[in-house]
Amino acid sequence: MSPPVEPSVDPTAELIGELTRRGLRIAVAESLTGGLLAGELTRIPGASLAVNGGIVAYDTGVKRSLLGVPADLLAAEGAVHPEVARRMADGVRRALAVDDRPADLGLATTGVAGPDPQDGKAVGTVYVGIATPGGTDAIALQLAGAGGREAIRAATVRAAIGAALARVREG
């Protein structure tokens, strides 16, 4: 007789649950994921209690105009850079404030999904930015060989959800 099978854990449901229990709000800024991250968060019933919204900043100019990423940073480094991810995450907290209250957690994705390199960065080079009132971080991902454009985008969403869940659990 085989042991009972545990139901699979859904990290996104866990994240939404933790945010809701703690009374926290999240906002996302996406480049290479093009809305997949916001879609993943809002897949969970009750997500409206924790999700302020998302900005798809696919064009570099939107990163500057809506998220406040400095033009000189974008000119010097391009859109695929850890500081750009940090600035996007911090900027979306304020851009999607509700009743003048910035989101408690800003989450951002920027990178190269392919098929071609961008700004001298290889396909699979990705940064996830995380911002809270206490500071910002960027997580570097190297997803080359992850199975192509859609696989890179999906892996980025999974990594972003995992990073956000870890940050919320840290307090």
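The values are calculated or read from the model by the stated rules, or taken from the named source; none is laboratory data. Just so we're clear, the structure is a prediction, and the values are computed from it rather than from any experiment. Note that each Cβ is placed from the backbone with ideal geometry, even for glycine, and that neighbours are counted across all protein chains shown. These accessible areas exclude ligands, DNA and RNA; they are computed on the full protein's heavy atoms, side chains included. Shrake-Rupley method; radii C 1.70, N 1.55, O 1.52, S 1.80 Å.
Restricting attention to the range 144-157, which residues are in a loop (DSSP other than H, G, I, E, B) and either touching a residue at least 24 places away in the same chain (Cβ under 8 Å) or of a type in the set (Val, Ile, Thr) (or both)?
Within the range 144-157, GLY148 is the sole residue that qualifies.
Got a number for residues in the range 93-102 being over 15 Å from THR132 (Cα atoms) and either open to solvent by less than 10 Å² (accessible area, probe 1.4 Å) or touching a residue at least 60 places away in the same chain (Cβ under 8 Å) (or both)?
Summing the residues that are over 15 Å from THR132 (Cα atoms) and either open to solvent by less than 10 Å² (accessible area, probe 1.4 Å) or touching a residue at least 60 places away in the same chain (Cβ under 8 Å) (or both) in the range 93-102 gives 1.
Using beta carbons and a limit of 9 Å, which pairs, at least six apart or on different chains, have the first residue in the range 58-71 and within 24 Å of GLY114 (Cα to Cα) and the second one hydroxyl-bearing (Ser, Thr, Tyr) and part of a helix (DSSP H, G or I)?
Cβ pairs passing all conditions: VAL69/THR60.
Mind checking which residues of the range 103-140 are touching a residue at least 40 places away in the same chain (Cβ under 8 Å), out of contact with any strand residue (DSSP E or B) (no Cβ under 6 Å at 6 or more places or on another chain), in a loop (DSSP other than H, G, I, E, B) and buried (at least 18 other Cβ atoms within 10 Å of the Cβ)?
Passing the criteria: ASP104, ALA113.
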